[in-house]
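What follows is a short report on a single structure.
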Amino acid sequence: TEACLNAIEGADALGAFVHNTPDLAREQAKAADARLAKGDAPNMCGIPLGIKDLFCTKGVPSQAASGILNGFKPEYESTVSQNLFDAGSVMLGKLNMDEFAMGSSNETSVYGNAVNPWRRGNEETALTPGGSSGGSASAVAADLCLGATGTDTGGSIRQPAAFVGITGIKPTYGRCSRWGIVAFASSLDQAGPMTKTVRDAAIMLETMCSHDPKDSTSTDLPVPDFEAMLTGDIKGKTIGIPKEYRMDGMPDEIETLWAQGKDMLADAGAKIVDISLPHTKYALPAYYVIAPAEASSNLARYDGVRYGHRAQMAQGDGITEMYEKTRAEGFGAEVKRRVMIGTYVLSAGFYDAYYNRARRVRALIKRDFEEVFDQGVDAILTPATPSAAFELGRETSDPVEMYLNDVFTVTVNLAGLPGIAVPTGLDKQGLPLGLQLIGRPWEEGDLLNTAYALE
Ligand code: GLN
């Protein structure tokens, strides 16, 4: 804990931590020492972590990197962070992210962007750590903490993990409780760990998962000992390679990486088969209807009355002016864009044309996966991202360009499946690249074990 606190002090330039909690960390570390001395401490006991700012942490600022939650200190703890603290883990502070987890570069944060600790060759150009869990990615990659919580609605754990060369898993929808995590798109949001290795991810995920009556979508299936499932033995497993993920204009290096991944799994005894997920091309448009629709509804609660920021009122202003001014001041541009898209696609005149159609497409995407799993496929191997980390500022002017970052990851959220990004190589300029494995629902243990064979 002390080593991490020191490292954080020297790493301001990364912009990874947005709020440090050294006093709490030392208190928790002391309690962990006492438990360890007694000899009955769980695996996560004493492990110093960073917590994404999307998680409500009791008495500690939790702003989802938004101006509208300025000064908000929750009275309660999210179930996931509580599970980690119950196991003796230590919170070093809160981590940077895109505002309300909307973004792929950590540039929509009210705190300013986080920075990728990696550089392209000898260049000085600062690169994005990805998003929305950019602070989590940067902090783990730079050794400011041993692990971090992330959340993933369309790729926000897996894309940043790939951009900084670490492991990140989004479990099956319902594995981790969403209670106390600021909602973005409730039918897609899941928490997961971001760590240096697959083994760390297995240990941390197990601690994060629990059945939670406070989240009606949380599963009551037992949580397996994921670490014990890391045997490295994947003999006889069938790995599917979906042809629709071979995109036009994909850099050669991503193609090569994907081929190397196939070879590694084949060498470990897996059977590699070509598969088809025919509705893949509709995933991104469907996601960018469904996610904003749910966001526009979830964000209606930020009205200047209940939480955080309230605008200065002028003489004669009524409640409507108060709402308008508060929301105009409190939300950033990307969040406003999503709220507008969301209210538009949910409006009476366009509901069927957009929202309902996107829901039907979502069902087809889910069925594509079910069919290949029924044919005996155990896991699916794809690239995690269409490129390596890009320069900060490069894609901010074009939202659609930014949305393309999620092309390989959103299908997994739409289908509710577990997906993991594993660092598997470097590009010509020395930047990390990752591959993604997609697993059957509730089979995170098998998925982690397959990822272990790729590591
Ligand atoms: N980049 C995607 C978006 O902006 C995904 C974000 C996420 O997974 N939270 O919506």
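Rg over Rh of region 285-352, using C-alpha atoms and the Kirkwood radius, what does it come to?
Rg/Rh for region 285-352 comes to 1.05.
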Pairs over 22 Å Cα to Cα, from LYS170/LYS196; LYS271/LYS428; LYS281/LYS336; LYS170/LYS366; LYS38/LYS73; LYS235/LYS262, come to LYS271/LYS428; LYS281/LYS336; LYS38/LYS73
Here, GLU244 and ALA228, labelled 7 Å along Cα→Cβ, have an inter-label distance in nm of 3.8
The rounded separation in angstrom of the Cα centers of region 91-156 and region 417-455 is 19
The exposure ranking of ASP248, ASP398, fewest beta-carbon neighbours within 10 Å first, is ASP248, ASP398
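Given contacts defined as C-alpha pairs under 8 Å and at least six residues apart, what's the relative contact order of the chain, whole-number percent?
Details: 1120 pairs, mean separation 85.6, N = 455.
Computed over the chain, the figure is 19 percent.
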Dimensionless Rg/Rh of region 167-312, both radii on Cα and Rh by Kirkwood, sits at 1.05
For LYS30, the aspartates and glutamates lying under 18 Å Cα to Cα, once residues fewer than eight places off in the same chain are dropped, come out as GLU2, ASP40, ASP86
Rounded to whole angstrom, the alpha-carbon centroid of region 318-381 lies from that of region 240-300 at a distance of 19
Straight-line reach check, LYS237, cutoff 16 Å on alpha carbons, 8 or more apart in-chain or any other chain, hits among aspartates and glutamates -> ASP263, ASP267, ASP274, ASP374, ASP378, GLU443, GLU444, ASP446
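Values in this text are rule-based calculations from the coordinates and carry no lab data. Computed from a predicted model, the values in this text were never measured in an experiment. Virtual Cβ from ideal backbone geometry, glycine too; neighbours counted across all protein chains shown.
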